[in-house]
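What follows is calculated from the coordinates using simple rules that are stated; it is not laboratory data. Being a predicted model, the structure only gives us computed values, none of them experimental. Because the Cβ atoms are built from the backbone with ideal geometry, glycine has one as well, and the counts that use them run over all protein chains shown.
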Amino acid sequence: MPKILIIEDEKLLGELYKDKLEDEGIEADLVFSAEEALEYLKNKKPPDLILLDILLPGENGISFLKEIKENKDIPDIPVVAFSNYDEPRAKAEAFKLGVKAYLLKAKYTPKEMVEAIKNFIYSASDEQS
């Protein structure tokens with residue numbers, strides 16, 4: 001069963017995505033900050049994909065991406081950014097730091113978001129086969 005880590009500070013939205021993914025047979029863990037996510041990645045089995053909100057309290061998503069790139073103890077995990085922060089420099093920086101996609105929450109229903117995430121998970125696993 002594929003596993004993703006959702007990093008989303010809006011609790012209701014994070015739980016909605018978690019529930020929708022689990023309904024589709026995808027194990028999902030939810031954390032509410034970049035700091036929690038780093039702790040998770042250092043102490044648990046790595047997920048197949050990280051779903052990252054860019055606007056987070058404390059350390060933002062861009063800082064998180066820099067940190068996981070620099071930390072040799074964290075394996076290379078595909079990251080999909082999902083945010084309502086539609087700022088060109090942030091998007092460019094996220095892609096420079098290796099995100100596979102930058103999805104705008106406002107342009108996706110929860111069902112469409114789950115379908116997009118499933119496509120990323122299954123295409124990533126095909127590439128590793």
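Show that you can apply the helix-only estimate: for the chain, add -39,500 (n - 2.57) for every DSSP H stretch of four or more residues, divide by all residues, and state [θ] at 222 nm to the nearest 500. So the helix-based figure for the chain works out to -14500 deg cm²/dmol.
For percent of Cα pairs over 21 Å apart, pick the label among (i) 36; (ii) 33; (iii) 61 that corresponds to the value derived from the coordinates. Given (i) 36; (ii) 33; (iii) 61, the structure-derived one carries the label (ii). Relative contact order of the chain, taken over Cα pairs closer than 8 Å and 6 or more residues apart, is 23 percent.
Distance from the Cα centroid of the range 67-94 to that of the range 3-39 is 16 Å (rounded to whole angstrom).
So, with +1 on the Cβ of K and R and -1 on the Cβ of D and E, and no other charges, what is the size of the charge dipole of the chain about its Cα centre, to the nearest 20 debye? Kindly include the intermediate steps, with their values, before the conclusion.
Numbers: 18 positive and 27 negative charges, 70 e Å.
In total the dipole reaches around 340 debye.
Can you say what percent of the DSSP beta bridges in the chain, counting only those with both residues inside, are antiparallel? Round to 5. That works out to approximately 0 percent antiparallel.
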